[in-house]
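To start, I am sharing the structure in question, which I have written as structure tokens.
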Amino acid sequence: GAVVSQHPSRVICKSGTSVKIECRSLDFQATTMFWYRQFPKQSLMLMATSNEGSKATYEQGVEKDKFLINHASLTLSTLTVTSAHPEDSSFYICSAKDRRSGANVLTFGAGSRLTVL
Amino acid sequence: SQELEQSPQSLIVQEGKNLTINCTSSKTLYGLYWYKQKYGEGLIFLMMLQKGGEEKSHEKITAKLDEKKQQSSLHITASQPSHAGIYLCGADDRNSGGSNYKLTFGKGTLLTVNP
């Protein structure tokens, strides 16, 4: 079945640095990928929709200059948390939709836990 | 936008017991998805329902969508510790425009199964 690889699974960084998280669809092409954020014991909050070859669409309240999204190919989207601060610490999850699939079934990555010191 | 309400928020059951999780929408559901998440991990797709009255089963898990397509239930029979996790329902948000509908998720139900 469809597999999405997310890397790194855990990252610890100092305040003020930038962190890049990769989301790759391993055996399918994804014109659209989604980035979510999840706080402890809460549901997923959609941050942005990543479109291959075009600008990402951000949800209301999500700073696009803070969370840079690049979808350079049909199998890779990256989320860069710029000038990270402790409040950016969270669990970030990506998902992708197989472009061949008519239904909106998403395959999720395993998530990346970011800790900003 | 689509809003999904899940109940209960958390559930503790004894191994072997049956349980039901509900997902209610404020709008007609065009696509309803059930996912399972273990804490700190990604989501695993369970089932998708699209038609009113539709019912699907996989192993000991059965999901139903009511005729009005505004409520779905997830039923687990003879629960096991391996069923423990967070169950999330998601729905196509047709207000998102275009052909790539966003999924809106409920807040999840935390299931604990005691051996």
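The values are calculated or read from the model by the stated rules, or taken from the named source; none is laboratory data. Quick caveat: nothing in here was measured; it's all calculated off a predicted structure. Neighbour counts are summed over all protein chains in view; Cβ atoms, including those assigned to glycine, are modelled from backbone coordinates with ideal geometry. Note: areas computed on protein heavy atoms with side chains; ligands, DNA, RNA excluded. Shrake-Rupley method; radii C 1.70, N 1.55, O 1.52, S 1.80 Å.
Pull out a ≥ b ≥ c, the square roots of the eigenvalues of the alpha-carbon gyration tensor of chain A, then state rounded if a/c is under 1.5, prolate if not and a/b is larger than b/c, and oblate in the remaining case.
It comes out prolate by the Cα gyration axes.
For A:Q60 paired with A:A72, estimate the spin-label separation in nm (one decimal), with each label point 7 Å from Cα along the Cα-to-Cβ line.
About 3.4 nm, to one decimal.
Near B:K107, within a Cβ-to-Cβ distance under 12 Å, what is the net charge of the other residues, with Lys and Arg +1 and Asp and Glu -1?
Its environment carries a net charge of -1.
Once you charge only the Cβ atoms, +1 for Lys and Arg and -1 for Asp and Glu, what is the size of the charge dipole of the protein assembly as shown about its Cα centre, to the nearest 20 debye?
About 120 debye.
Shifting gears a bit: I'd like the interface area for chains B and A: accessible area of each alone minus the complex, both sides summed, 1.4 Å probe, protein heavy atoms only. What is it in Å² to the nearest 100?
That pair hides around 1600 Å² of surface in total.
Here is a follow-up. With +1 on each Lys and Arg Cβ and -1 on each Asp and Glu Cβ, and nothing else charged, work out how big the dipole of chain A is about its Cα centre, in Debye to the nearest 20.
It comes to approximately 140 debye.
What does the highest-first list of B:52-59, B:26-33 look like by mean Cβ count within 10 Å?
Averaged packing, sorted descending, gives the order B:26-33, B:52-59.
Using amide H atoms built in the peptide plane, which far-off residues or other-chain residues are under 5 Å from A:M47 H to H?
A:W35, A:Y36, A:R37
Using a 10 Å cut-off on Cβ to Cβ distances, tally the other chain neighbours for every residue of A:44-51 and report the average as a whole number.
That works out to 3 on average.
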